[in-house]
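Scroll down for the structure; my scribbles are underneath it.
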Amino acid sequence: MFKLGKFFTFPQKTNDHNENLYLNNIFYLKVLAIFRSMYFIVPVWVSMELKYISFTQIALIDIVILLSGLLLELPTGALADLLGRKITISISFFITSIAYLIFAYSNSFLLFLLAGLGFGLGDALLSGSLEALVFDTLKQDKKEEKFSEISNNNQIIFNLSLVFATIVGGLVFKKYYHLPSILTSIAFFIAGILSTKFIEPDIDSEKFTLKNYLFQTKMGFKELFKNKQSRDISLFYILVGSFTWPIVLSFKNFALTDLAVNEKSMGYILALLSLTAVQFLHVLIRKKVFERMDVVFLMPAILLSIFLPLSYFYNVPSMIAIIFVIFLLSSMRWNILGKLSNQCYSSKNRATAISSLSMMISIFYILTLALFSFFNERMSSGAIRLIFLIMGFGSIFLLLPIAIKLKNKYHNKVLEQHYD
């Protein structure tokens, strides 16, 4: 079981620079996980927007958020590789904090859109930077094998805090409409301050120039496909993210709101499902289930192919089952597939490469939202259900065959790590 007993022990300095870097960054990563997970707004953001705009307009705003993040994904990843992960992470939290404050008092499409642009920029700055800082910290102290365990431990902390924030957000919303978003803004501001405590890992950085900036962007994207192994892992990572991330961020709330689940109940449901999924993944990691490559590839494909089609029934129980599986697989993507992908990329280009992965997932997310908007404008009901079913068929006829092929290819093979 996961224990928090050692969590509040401040790291003691040693004579080893690499060990000090490791102890400091891992400690503040845990503290940061508390505050950057305080999304008090999780169970209420759709209700806040529906008070002033329609489902289709919400989807359009999400598309703009994703497009802005998409355009900035590679540039901000390159900035993290050239300027440093630490400063990029801090800026991202402060921008997101401002965006949530704007969202709290938005009462029109344009104001919600302005807040959304802030979310897009903040996400783009954070995407790749934090994960690259963690992996490079471990790599510098030769502890890369701890990536999955450390990521999952921090995700448990993240989810414990998220459980608290989700429940509180659902409880206070009816009496204090603006408070969930204001509290989220405060939490991200504190996260920005905490992120300044990181120590920048040693990477092969270069002086920032426009030429180096453009070259870094190009090289980071090329990391995804530089060899067959990198291509296989990157492709599978992108596909799993494409079938889970839209549901994690948007469609779970769309579905539960459409099924008339109130904000208070949604807070309890999402909090419980998220915490249970991460705890279950933690048990699987501790039992070394994911040391077998066939499990790594087949588990996401099989679960998505079984559970997403349950949306045919489109009721609260079927949605709860689907959301639990999606939470589980999304956590697996970060902790298990993230470790494999990081092993394929060089430290110099890692943040840009990870941003490239997020960019590819965002493209699918945008297409999904656009398809939902199209259906929602032309159907009196059932657009959300139809999106889930389409993703289910995509899992069966696209993801599952690819997973079987990769399972056969890497069944008894240890992935080669990139050393530099």
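The values are calculated or read from the model by the stated rules, or taken from the named source; none is laboratory data. Please read these numbers as outputs of a predicted model, since none were measured by experiment. Note: ideal-geometry Cβ built from the backbone for every residue, glycine included; neighbour counts use all protein chains shown.
A few remarks follow.
- Being assigned to a helix (DSSP H, G or I), of a type in the set (S, T, N, Q) and farther than 19 Å from L273 by Cβ is a condition met by at least one residue of region 299-321.
- So G338, is it at positive phi and either surrounded by fewer than 18 Cβ atoms within 10 Å (Cβ to Cβ) or at pLDDT below 90 (or both): no
- Residue among L126, L113, L130, L160 that alone is within 23 Å of I363 (Cα to Cα) and modelled with pLDDT of 85 or more: L113
- Test: residue in region 344-358 that is assigned to a helix (DSSP H, G or I) and under 19 Å from Q57 (Cβ atoms): no
- For region 121-135, the candidate set comprises residues that are small (G, A, S) and outside any loop (DSSP other than H, G, I, E, B); within that set, the residue that is surrounded by the fewest Cβ atoms within 10 Å (Cβ to Cβ) is G122.
- Only listed residue being surrounded by fewer than 24 Cβ atoms within 10 Å (Cβ to Cβ) and under 17 Å from I182 (Cα atoms), chosen from Y100, Y105: Y105
- Filter pass, R286 being among the basic types (K, R) and within 19 Å of Y365 (Cα to Cα): no
- Where Q155 falls short, out of the listed (1) at pLDDT below 90; (2) surrounded by fewer than 21 Cβ atoms within 10 Å (Cβ to Cβ); (3) polar (S, T, N, Q); (4) under 22 Å from S330 (Cα atoms): (2)
- Just one of (1) over 21 Å from the mean Cα position of the chain (by Cα); (2) in contact (Cβ under 8 Å) with a residue 24 or more places away in the chain fails for N335. It is (1).
- Taken over region 307-320, the residue count meeting the criterion of being among the hydrophobic types (A, V, I, L, M, F, W, C) and surrounded by fewer than 16 Cβ atoms within 10 Å (Cβ to Cβ) is 2.
- Here S330 passes the criteria (1) modelled with pLDDT of 85 or more; (2) part of a helix (DSSP H, G or I); (3) touching a Leu at 6+ places or on another chain (Cβ under 8 Å) except the one numbered (3).
- Test for S318: is it free of Cβ contacts under 8 Å to residues at least 24 places away in the same chain and either within 19 Å of G69 (Cα to Cα) or among the polar types (S, T, N, Q) (or both): yes
- Test result for F364, of a type in the set (F, W, Y), within 23 Å of G122 (Cβ to Cβ) and surrounded by fewer than 24 Cβ atoms within 10 Å (Cβ to Cβ): yes
- Filter result for I387 (out of contact with any Gly (no Cβ under 8 Å at 6 or more places or on another chain), crowded, with 22+ Cβ neighbours inside 10 Å, under 23 Å from I404 (Cβ atoms) and of a type in the set (A, V, I, L, M, F, W, C)): no
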